[in-house]
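The values are calculated or read from the model by the stated rules, or taken from the named source; none is laboratory data. In this text, all values refer to a predicted model and were calculated from it rather than measured experimentally. Note: ideal-geometry Cβ built from the backbone for every residue, glycine included; neighbour counts use all protein chains shown. Each accessible area value is taken on the protein alone, full model and side chains, heavy atoms only, with ligands, DNA and RNA left out. Shrake-Rupley method; radii C 1.70, N 1.55, O 1.52, S 1.80 Å.
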Amino acid sequence: MITRKRTIAIYPGSFDPLTNGHLDVIRRAQEIFDHVIVGVLNNLSKKTPLFSPEERISIIKECFEDPSVELDPARIEVETFDGLVVEYARMKKAVAIIRGMRALSDFETEFQMALMNRELNREVQSVFLMTGSRWIFTSSSIIKEVARFGGDISDMVPKPVERRVKEKFAQTRERPVANSK
Ligand code: PNS
């Protein structure tokens, strides 16, 4: 009997926070790969994250447990990682690194990252999945920007994310101020 090797894919990112666009990519990845590992980057060198890695993991797990997200929880896991994504992929025996592609603006950075990752490890393939057109303009940073000023993000993020983002900004909400002369 021929047994097919289980295909594992890594989906790395900051996920600060997880958006509906990310969930859409994970759903699509589950259609291709047997097992998807969501890797939350531990040290975000250039920016101060809104959520700690532990908070991001717990939020993502909460989202995965919700049956309405339509993911297969038996074939997905989430954990933090440090260092190079290709080393992480090697450690996990992953055959692919998944990245979501929204608009053309994503292309240059993603292309550069994919080529560098290939240079570092030729055994792992970068796989780009187009997000649903609904999520083309959704990003973690724009969501934080909107939520910071009290805007409605309910259409762009899963419920647990909406609640946790609101809680984070509850004490520090900056209100728009009209500049007077
Ligand atoms: O969600 P993001 O912030 O676009 O994710 C970027 C991420 C985490 C995928 C990228 O920064 C990364 O892979 N970091 C790990 C360090 C690494 O391997 N860098 C080399 C890739 S060029």
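The heavy atoms of D155 offer some 110 square angstrom of accessible surface to a 1.4 angstrom probe. When the trypsin sites (Lys or Arg not before Pro) in the range 45-135 are filtered for DSSP coil states and for at most 15 other beta-carbon atoms within 10 Å of their beta-carbon, the remaining sites are K46, K47, K93, R122. Counting only Cβ charges, +1 for Lys and Arg and -1 for Asp and Glu, the dipole size of the chain around its Cα centre is about 200 debye. Of I98, I143, I32, the residue with the greatest mean-square motion in the GNM of the chain, using alpha carbon springs below 10 Å, is I32. Per-residue SASA remark: L50, around 40 Å² accessible (1.4 Å probe; ligands, DNA and RNA not included). Entry for the chain at q = 0.08, 0.09, 0.15, 0.18 Å⁻¹: log10 I(q)/I(0) = -0.27, -0.34, -0.90, -1.26, Debye formula applied to identical alpha-carbon scatterers, no solvent contribution.
Ignoring ligands, DNA and RNA, what percent of the accessible area of the chain is carbon or sulfur (1.4 Å)? The C+S portion of the solvent-accessible surface of the chain is 53 percent.
Taking every C-alpha pair closer than 8 Å and separated by at least 6 residues, the mean separation divided by the residue count of the chain gives a relative contact order of 27 percent. Helices that extend 24 Å or more along their long axis by alpha-carbon positions and average at least -0.5 on the Kyte-Doolittle scale are, among the DSSP H runs of the chain, 104-120.
For the range 1-159, the per residue solvent-accessible surface stands at 57 Å², with DNA, RNA and ligands left out and a 1.4 Å probe.
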